[in-house]
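Here is the structure we will look at.
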Amino acid sequence: MSRLIVISNRVSTPKPRSAEGAQGGLAVALAAALREYRGLWFGWSGEKTEEFTGQINLQRAEGVTTATIDLEEQDVDEYYNGYANRTLWPLFHYRIDLAEFDRSFGAGYERVNERFAETVAPLIEPDDLVWVHDYHLVPLGQQLRQNGVKNRIGFFLHIPWPPHRLMVSLPFHQRLVRSMLDYDLIGFQTEEWLESFHHYVERELGGTVHPDGRIEVGDRTVETAAFPIGVDAADFERLLVARDAINAFETLRRSAEGKKVVIGVDRLDYSKGIEERFNGYRRFLEENPDWHGKVSLLQIAPPSRGEVHTYEAIRDTLDALSGRINGEFAHVDWVPIRYVNQGYPRAGLAGFYRAADVALVTPLRDGMNLVAKEFVAAQDPDDPGVLILSRFAGAAHQMKDAILINPYSKDEVSDAIRAALAMPRPERLRRWEAMIDSVRKEDVLAWRHDFVAALAGQGASIPLAAEPLPA
Ligand code: ADQ
């Protein structure tokens, strides 16, 4: 029987569902996928050791088998904090101004990809399907081939693929992209990122793009397609009746004291546009004195990637900016922004979303953005809140009934907040009903199913047992 081997940078041991909220979008999505199938999840434990040993730690938790390795300090500096998060992440989010190009980062990135491949290759059995995730592991397919792996291997990129002209600013960009030709299937979040990849293949590699998405470069043919990721909408709706969700809902409503609540929930990352959001909210307060004392913004943003300088800087910026806005507008009985640097369990988050009247999801660039979908999944069908969404999030391609804005424009953010707060119930209902339908249908299970089916091969039934693993 074939198994599914998932390989991603981090493996976080699956937590009970109620505690999943503190994990990132990718972690939650993968745990949901693996729970359904027999398989294995391989990656870094998050631990550092003096020297790389390649020792594998096998565990079984919450119906998922994980195999993790530790990395040595230099690996973490050069591969994870370096090439992945200081070179590729900013560049792929169109922030070439923040991208750092350092020879040691590239070397560390290749070394860790080799180490991953050498360690995981012996765990792969002949019929297994191998699914590699995200920008940390772009060349892993090639490394696996060099370690004798002949299985079908797919790659999914969770973040945007940058336009051709940006991509060529990466030193050795061809080497990186050519390494992807060893995959059988490459998936992107949206048609937009897929098109950017196709442009690169045509213009830089002289390849051919076929109408069905196959690309041909020399003697290699690779399937490519968009697979928009979703959330586990049904699970999210179920969570809303959990005690934690009800407590969170009541706490937020009580503390709002009859005021309207606007919510933002993001990992603390410059790509999420939180600074621009605060500035847009400030513009709204400047232009709408009649709303003073009647609305409050709750921004939840747990710190991430704390070892990378730009993340410390954005944290300082937001601390200062939220303080300035509160200093400027607050009254004794009203605080315009509540800014919270912590993660919450999933159920708590669901309760907060439900209690909010408006969500501000305004990334400057985002592969997809799951928060937008979670917010919609958590709304009261009789009295739904309003989603304000950046045009530059992958999710905007599917959620056209949100109020779509340019997050760089303070005026657009301000106007959207005013329109959302004043939106009559029939319009809120119409917009929400149009969105919840696709959030439910195009959920994380459909995403996993579509990718795995495509990887398993055209026309073939999915050779995976849809039976849960024994606990
Ligand atoms: P992220 O950049 O992490 O994901 P996103 O898609 O919004 O962004 O997912 C964030 C996840 O973290 C959500 O599930 C959210 O609930 C959770 N989260 C955020 N803040 C939280 C808090 N304070 N407490 C608890 N949970 C919190 C990357 C890409 C995205 C892509 C996903 C999945 O950058 O574009 O959508 O992978 O492919």
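List of remarks:
- Inter-residue pairs, beta-carbon under 9 Å, first under 11 Å from Leu298 (Cα atoms) and within 13 Å of the ligand (Cβ to nearest atom) and in region 351-364, second among the polar types (S, T, N, Q) and open to solvent by 10 Å² or more (accessible area, probe 1.4 Å), 6+ apart: Phe352/Thr251
- Of all residues in region 242-279, those satisfying the criterion of being farther than 21 Å from Lys294 by Cα, part of a helix (DSSP H, G or I) and open to solvent by less than 60 Å² (accessible area, probe 1.4 Å) are Ala245, Ile246, Tyr270, Ser271, Lys272, Ile274, Glu276.
- Residue that is modelled with the lowest pLDDT, among those in region 230-252 that are within 11 Å of the ligand (Cβ to nearest atom) and of a type outside the set (A, V, I, L, M, F, W, C): Asp232
- Test: residue in region 446-459 that is in contact with an Asp or Glu (Cβ under 6 Å, 6 or more places away or on another chain), modelled with pLDDT under 95 and within 25 Å of Ile5 (Cα to Cα): no
- Per the conditions (1) open to solvent by 10 Å² or more (accessible area, probe 1.4 Å); (2) near the ligand (Cβ under 9 Å from one of its atoms); (3) part of a helix (DSSP H, G or I), the sole criterion not satisfied by Gln342 is (3).
- Check on Arg282, at pLDDT 95 or above and away from the ligand (no atom under 12 Å from the Cβ): yes
- Residues of region 371-399 satisfying the condition of being assigned to a helix (DSSP H, G or I) and surrounded by fewer than 24 Cβ atoms within 10 Å (Cβ to Cβ): Ala396, His397
- Of the strands (runs of 3 or more DSSP E) lying entirely inside region 58-163, those containing at least 2 residues that are charged (D, E, K, R) and away from the ligand (no atom under 16 Å from the Cβ) are 64-72.
- Residues of region 349-362 classified as outside any loop (DSSP other than H, G, I, E, B), open to solvent by less than 10 Å² (accessible area, probe 1.4 Å) and not hydrophobic (A, V, I, L, M, F, W, C), total: 2
- Candidate set: region 183-208, residues that are touching a strand residue (DSSP E or B) at 6+ places or on another chain (Cβ under 7 Å) and part of a helix (DSSP H, G or I); chosen: the one most open to solvent (accessible area, probe 1.4 Å): Glu191
- Count - residues of region 39-98 that are of a type in the set (Phe, Trp, Tyr) and open to solvent by less than 20 Å² (accessible area, probe 1.4 Å): 6
- Test result for Ile215, assigned to a strand (DSSP E or B) and farther than 21 Å from His136 by Cα: yes
The values are calculated or read from the model by the stated rules, or taken from the named source; none is laboratory data. Predicted model only: the values in this text are computed from it and were never measured. Quick reminder, even Gly has a Cβ in these numbers, built from the backbone with ideal geometry, and neighbours come from all protein chains shown. The protein model used for the area step is the full one, side chains on, heavy atoms only, and it has no ligands, DNA or RNA in it. Shrake-Rupley method; radii C 1.70, N 1.55, O 1.52, S 1.80 Å.
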